[in-house]
Amino acid sequence: MALELEDELRRAMRADTHGLRVGADLVDRVRTAHTRRTRRRRRTAAALLAAAVAVAAYPAYQAAAPEPPAHNVVSPPGDPGARAGTGKGVVLGEGGAIDAAYLPAGAVYEGSVTSLSDAWTSVEGTWTMPGGGRLTLSILRAPLAGPEDLKRLPPFDGVSSWERVPLPAGPALRKPDGTQMLWLVRPGVALHVAMTPASAGELLKIARSLTYYPTTSDDPSEKGARSGMGPGDALVDDFEVAHIPPGLQRGPLDGSPEAGGRVGVKAVEARWYSPQEDWSERGPRLTVYVMKVPRSWDEARLHAESAPGTGRPVRARVGGEDGVLSGEPGRTRILTWIPEPGVGIQVRARGYRSDAELLKVAASVRRP
Amino acid sequence: MRESYERSFDEFVAARSTSLMRIAYLVCGGSHHDAEDLLQGALEKLYRHWDRVSADDPEPYARRVLVNAAISRARRRRLLREVNVAAPPDTPVPEDHSVHLRSVLVAELLKLPPRQRAVLVLRYWLDLSEAETAAALRCSTGSVKSQASRGLARLRTYLDPSVFAEVTG
């Protein structure tokens, strides 16, 4: 009887939905809604930023009080000043990568968010401070010719007063309360640091420690001219990919909640592709996912969750770890493994006749 | 490049939107208006990530967005309806026509809790495997099995066994 019920249910659903049709203007409605949403997000971002500044100003009196002793922080031996210099963070975006040589002790990386609008794009990495504040490091891309254009960026156009602060990369704009700094690293690309509650000294120290690496795809003159390797290209979340197949260049990076498409866990996704090919074409392409997964997962579970229906999986070895290899030979091949508890890596290679490049790339993935 | 991006999205919508609309209608509880709304939201999200998802098969991604949006929406609206399986309705299914049986089946399907309903739609309308259903709903295959089993059991509860056997022959 169970089978009959299922069959009858199928027929019932088919009959009930038979007459359903979508409106002819569906595509237009989707595009219009998309445009409206991006504009709304831009306005919301500006409002949130203004609110964050207001909140940061409230505990300003606390900044004058002696700093409480840090708890749960172990100072390394030697120079006491080195205690705070134990943190390190990387933020990646389509505009390049930021490497922070200094982060306050106890800062915990929360993740990154990619935001797109008609006028600008940003990738924002967030850290939580031991005292409950937040630090964000962002790469912004917009039509910027010089430092003065920074003031016209949508998140900052309501801020009336900025002070100039010299940085190795050039002059930066800083809010007088020390909560934000903003500077141009190359035409069209700016870095932004914000911290709440703010400590002006910390903010400046963080800003001075940042190194910006442009991706090759950021510079049109470099397109197709090399294998695509640069400091920013090689980093995915906290990992670097030391080997990239020749002829590929860095594509978009996605740290949004939807990164990975069908991957049901938090992921950062980076792609490399052939500059001669459109995204949708069938040329060579490499995708690397760094995923935060439950610590109890093994490679088989990660493969089942992140690459279901990709052909019969076989076992593989990656840098001494067990992995799972799947996909169609000659088309997209997928290698999944757990380099350490709670972290999953997946490499997808398309357009290669053998698995040699895929295995070379996988073997080269490591923490810098 | 932008042109091919737009064109391929248009082609996908033209080819698959009716199928997705039917899924939306079933998983959202049978409201044509809600289904259209859900579908538009899912396609908007798909459009936002089209460069990434279009390279492979974009439909599973669209389906997943659609189904999970329907479940989230139902939760937000507190539409989780717990049906008391111990007390089937007093009125039995009309005895004489399979059309009635189907309409009752759909009506009862639409009353199921959203996740259970989504499992039944994905498994028996789209014929997805347990693993594919689990991937779409971001849950384990064990959860899919138990939800499907409970959903079918609830539907069965609403059917007079003798009538059901007679109609299905």
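The values are calculated or read from the model by the stated rules, or taken from the named source; none is laboratory data. Quantities reported herein were computed from a predicted structural model and do not represent experimental measurements. Cβ: placed from backbone, ideal geometry, glycine included. Neighbour counts: every protein chain shown.
Observations on the model:
- All positions within the range A:3-24 that are of a type in the set (Lys, Arg) and either within 16 Å of B:Leu101 (Cα to Cα) or surrounded by 20 or more Cβ atoms within 10 Å (Cβ to Cβ) (or both): A:Arg10, A:Arg11, A:Arg14
- Only one of the numbered conditions (1) surrounded by fewer than 16 Cβ atoms within 10 Å (Cβ to Cβ); (2) at pLDDT 75 or above is violated by A:Leu135, and that is (1).
- Criterion (more than 18 Å from A:His303 (Cβ to Cβ) and outside the structural domain of B:Asn68 (by TED's automatic domain parsing)) met by exactly one of B:Arg115, B:Arg138: B:Arg115
- Selected residue (criterion: surrounded by the most Cβ atoms within 10 Å (Cβ to Cβ)) from residues of the range B:118-131 that are in a helix (DSSP H, G or I) and more than 9 Å from every other protein chain (Cβ to nearest Cβ): B:Val119
- The residue that is modelled with the lowest pLDDT, counting only those in the range A:153-172 that are closer than 20 Å to A:Gly125 by Cβ and in contact with a strand residue (DSSP E or B) (Cβ under 7 Å, 6 or more places away or on another chain), is A:Phe156.
- Selected residue (only one of A:Arg312, A:Arg350 is touching a residue at least 60 places away in the same chain (Cβ under 8 Å) and over 15 Å from A:Val241 (Cβ atoms)): A:Arg350
- A search for C-beta distances below 8 Å between a residue of the range B:5-16 that is touching a residue at least 40 places away in the same chain (Cβ under 8 Å) and any residue that is exposed (fewer than 12 other Cβ atoms within 10 Å of the Cβ), counting only pairs 6+ apart in sequence or on different chains, returns nothing.
- Evaluation of A:Pro329 against (1) in contact with a Gly (Cβ under 7 Å, 6 or more places away or on another chain); (2) part of a loop (DSSP other than H, G, I, E, B) (one fails), failing number: (1)
- Counting only helices (runs of 4 or more DSSP H) that fall entirely inside the range B:2-79 and contain at least 1 residues that are more than 7 Å from chain A (Cβ to nearest Cβ) and in contact with a strand residue (DSSP E or B) (Cβ under 6 Å, 6 or more places away or on another chain), no element qualifies.
- Filtered residues of the range A:196-208 (kept if modelled with pLDDT of 85 or more and either surrounded by 18 or more Cβ atoms within 10 Å (Cβ to Cβ) or among the hydroxyl-bearing types (Ser, Thr, Tyr) (or both)): A:Leu203, A:Ile206, A:Ala207
- The requirement of being at pLDDT below 90 and either basic (Lys, Arg) or closer than 24 Å to A:Ala307 by Cα (or both) is satisfied by B:Val53.
- Filter result for the condition that a residue is modelled with pLDDT under 85 and in a helix (DSSP H, G or I), over B:Ala165, B:Ala134: B:Ala165
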